[in-house]
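In what follows, a single structure is set out as structure tokens and then discussed.
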Amino acid sequence: QVHLVESGGGLVQPGDSLRLSCVASGSTFSRYSTGWFRQAPGKEREFVAHISWSGASTDYADSVKGRFTISRDYAKNTLYLQMNNLKPEDTAVYHCAVRILDGLRLEAFGSWGPGTQVTVSS
């Protein structure tokens, strides 16, 4: 079982950057593909980014492509999400998770972290 905890969220202005971290406990983390999702108030949780277990393959939602970068540090058992040029519509609670089934749908991920709040406002 993998236990995940996110950090790095905060209140920023449009155009600013943030880097989210997701620290995993458990030696099997490196065997999992992992992803970031977000949930805005009153909306469903949506896919943001995914990275394969090897780190060789990444996927992004169209809304963040070119602005967000997902990466992982195997030595630190940590997943990152670098977010640049943030927009008000990026405001949400961001969660990390490991992929337990094929695909990038919500149900394919598990071991969800509690999330970290990102608020983009002027």
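The selection criterion, being under 18 Å from Gln13 (Cα atoms) and of a type in the set (Gly, Ala, Ser), holds for Ala40.
For the stretch 57-65, the criterion of being at positive phi, open to solvent by 20 Å² or more (accessible area, probe 1.4 Å) and either at pLDDT 95 or above or among the charged types (D, E, K, R) (or both) is met by none of the residues. Among the residues examined, Arg67 qualifies as free of Cβ contacts under 8 Å to residues at least 40 places away in the same chain, under 18 Å from Gly10 (Cβ atoms) and either of a type in the set (Lys, Arg) or in contact with a Pro (Cβ under 8 Å, 6 or more places away or on another chain) (or both).
Name the residue that is surrounded by the most Cβ atoms within 10 Å (Cβ to Cβ), counting only residues in the stretch 29-49 that are over 13 Å from the mean Cα position of the chain (by Cα) and either under 16 Å from Glu89 (Cα atoms) or of a type in the set (Val, Ile, Thr) (or both).
Ala40
Which residue, of Ser7, Ser52, is among the polar types (S, T, N, Q), open to solvent by 50 Å² or more (accessible area, probe 1.4 Å) and farther than 15 Å from Asn85 by Cα? Of Ser7, Ser52, the one residue that is among the polar types (S, T, N, Q), open to solvent by 50 Å² or more (accessible area, probe 1.4 Å) and farther than 15 Å from Asn85 by Cα is Ser7.
Summed over the stretch 80-122, residues that are open to solvent by less than 20 Å² (accessible area, probe 1.4 Å) and free of Cβ contacts under 8 Å to residues at least 24 places away in the same chain total 2.
Can you find even one residue in the stretch 69-77 that is touching a helix residue (DSSP H, G or I) at 6+ places or on another chain (Cβ under 9 Å), open to solvent by less than 40 Å² (accessible area, probe 1.4 Å) and not in a strand (DSSP E or B)? Within the stretch 69-77, one or more residues are touching a helix residue (DSSP H, G or I) at 6+ places or on another chain (Cβ under 9 Å), open to solvent by less than 40 Å² (accessible area, probe 1.4 Å) and not in a strand (DSSP E or B). Summed over the stretch 55-71, the residues that are farther than 14 Å from Ser17 by Cβ and hydrophobic (A, V, I, L, M, F, W, C) give a count of 3.
The values are calculated or read from the model by the stated rules, or taken from the named source; none is laboratory data. Note that the structure is a prediction, hence the values are computed from the model and not measured. Positions of Cβ are backbone-derived with ideal geometry, glycine not excepted, and every protein chain shown enters the neighbour counts. Surface accessibility is based on the protein's heavy atoms, side chains included, excluding ligands, DNA and RNA. Shrake-Rupley method; radii C 1.70, N 1.55, O 1.52, S 1.80 Å.
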